[in-house]
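Chemist: Please find one structure pasted underneath; my questions will follow.
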Amino acid sequence: MIRTVDLDEAHAEVGAVFLPHRVEVLERAAELDMQLNALRLGAVTAGYLRYGPKIRTLTVEASNYHVNLPLTGTTRSRSGLREPVESTPRRPAVFMPRAPADIMWSAGSTQLCLMLERGVVDRELEKLLGHPLPRPLEFAVAMDLTTGAASTWLTALDVLQREADRPDGMLRFPAAAGHLEGLVIHGLLLGHRHNYSEELRRGAAAPDRGWFARRWS
């Protein structure tokens, strides 16, 4: 875990994990109290981040996909020129590559910040579709975690958190860690709306529940 009250150090540490940014402390005479606990799992970087006082963060143009899920407090986020998002623990904001971000954090806000490598996410989507992407992937600005598919993605994040805290967990094994990485990426592609969601829905095969139904009947 990284913790600092120094603004320059906060810029350097968070920038090294996610992307370069600038923090503006919006409370007069308030002291920064940045805390970051981060994990990199292949193409997925996850970090619990808080700053303490009310702040504004302004990032450079992103290279990857980002998802910010508030855990405490409130945030108002904007990715490039897209519409702003009032985020809640059930409605994370989604940020696109090729756009900077502007995020307002209330005092005491904590977010689970995810960064997913653009090239890997795009390739996984091509595998699901069965063809190259004719146009860039474009996610909706906010994710609804109350839907069934999205709640499954949230479960994958819970597994990631638990395993990251276990020195004897499955993340010690590259093959198991790779499966969890894929579950996080596929969960986002299948659980969140984007410009290929309808094509994925049309091409999905219905699961065979016959054996399961017979086994438990």
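The values are calculated or read from the model by the stated rules, or taken from the named source; none is laboratory data. Small disclaimer: the values here were computed from a predicted structure and weren't measured. No Cβ is skipped: glycine too gets one built from the backbone with ideal geometry, and neighbour counts run over all protein chains shown. For the accessible areas, the whole protein counts, side chains as well, though only heavy atoms, and no ligand, DNA or RNA atoms are used. Shrake-Rupley method; radii C 1.70, N 1.55, O 1.52, S 1.80 Å.
Chemist: Gln35 passes all but one of (1) of a type outside the set (Phe, Trp, Tyr); (2) at pLDDT below 95; (3) outside any loop (DSSP other than H, G, I, E, B); which number fails?
Modeler: Only one criterion is unmet by Gln35, namely (2).
Chemist: Is there a residue in the range 17-33 that is within 25 Å of Leu137 (Cβ to Cβ) and more than 14 Å from the chain's Cα centre (by Cα)?
Modeler: Scanning the range 17-33 turns up at least one residue that is within 25 Å of Leu137 (Cβ to Cβ) and more than 14 Å from the chain's Cα centre (by Cα).
Chemist: Going by the structure shown, is Pro136 out of contact with any strand residue (DSSP E or B) (no Cβ under 9 Å at 6 or more places or on another chain), modelled with pLDDT of 85 or more and more than 22 Å from Gly80 (Cα to Cα)? Step through it out loud before you land on a result.
Modeler: Working: out of contact with any strand residue (DSSP E or B) (no Cβ under 9 Å at 6 or more places or on another chain): yes; modelled with pLDDT of 85 or more: yes; more than 22 Å from Gly80 (Cα to Cα): no.
Spelling it out, it is not the case that Pro136 is out of contact with any strand residue (DSSP E or B) (no Cβ under 9 Å at 6 or more places or on another chain), modelled with pLDDT of 85 or more and more than 22 Å from Gly80 (Cα to Cα).
Chemist: Any chance you could count how many residues in the range 1-15 are over 13 Å from Leu32 (Cα atoms), more than 17 Å from the chain's Cα centre (by Cα) and among the small types (Gly, Ala, Ser)?
Modeler: So the answer is 1.
Chemist: Among the residues of the range 84-110, count how many are under 18 Å from Arg193 (Cα atoms), open to solvent by 20 Å² or more (accessible area, probe 1.4 Å) and part of a strand (DSSP E or B). Reasoning before the result, please.
Modeler: Keep residues of the range 84-110 that are under 18 Å from Arg193 (Cα atoms), which gives 84-97.
Of the ones still in play, those that are also open to solvent by 20 Å² or more (accessible area, probe 1.4 Å) are 84, 86, 88-91.
If we keep only those that are part of a strand (DSSP E or B) as well, we get 86, 88, 91.
Residues that pass the stated criteria total 3.
Chemist: Something else: Would you confirm whether any residue within the range 196-206 is open to solvent by less than 40 Å² (accessible area, probe 1.4 Å) and at pLDDT 95 or above?
Modeler: Within the range 196-206, the subset open to solvent by less than 40 Å² (accessible area, probe 1.4 Å) is 196-197, 200.
After this cut, where a residue has to be at pLDDT 95 or above as well, the list is 196-197.
There is at least one residue in the range 196-206 that is open to solvent by less than 40 Å² (accessible area, probe 1.4 Å) and at pLDDT 95 or above.
Chemist: Six or more apart or on different chains, Cβ atoms under 6 Å: show the pairs whose first residue is in the range 16-34 and within 30 Å of Arg118 (Cβ to Cβ) and among the basic types (Lys, Arg) and whose second is assigned to a strand (DSSP E or B) and at pLDDT 95 or above.
Modeler: Correct list of pairs: Arg22/Leu58.
Chemist: Determine, yes or no, whether Ala150 is buried (at least 16 other Cβ atoms within 10 Å of the Cβ) and farther than 15 Å from Leu200 by Cβ.
Modeler: no
Chemist: Search the range 117-135 for residues that are closer than 15 Å to Gly182 by Cβ and pair each with any residue that is surrounded by fewer than 15 Cβ atoms within 10 Å (Cβ to Cβ) when their beta-carbon atoms are under 7 Å apart and the residues are at least 6 apart or on different chains.
Modeler: Asp122/Leu133; Leu125/Leu133; Glu126/Pro132; Glu126/Leu133; Leu128/Leu200
Chemist: Shifting gears a bit: Kindly list the number of the only condition in (1) open to solvent by less than 70 Å² (accessible area, probe 1.4 Å); (2) not in a helix (DSSP H, G or I) that fails for Val121.
Modeler: Unmet for Val121, out of (1) open to solvent by less than 70 Å² (accessible area, probe 1.4 Å); (2) not in a helix (DSSP H, G or I): (2).
Chemist: Could you tell me whether Leu81 is among the hydrophobic types (A, V, I, L, M, F, W, C) and open to solvent by 60 Å² or more (accessible area, probe 1.4 Å)?
Modeler: yes
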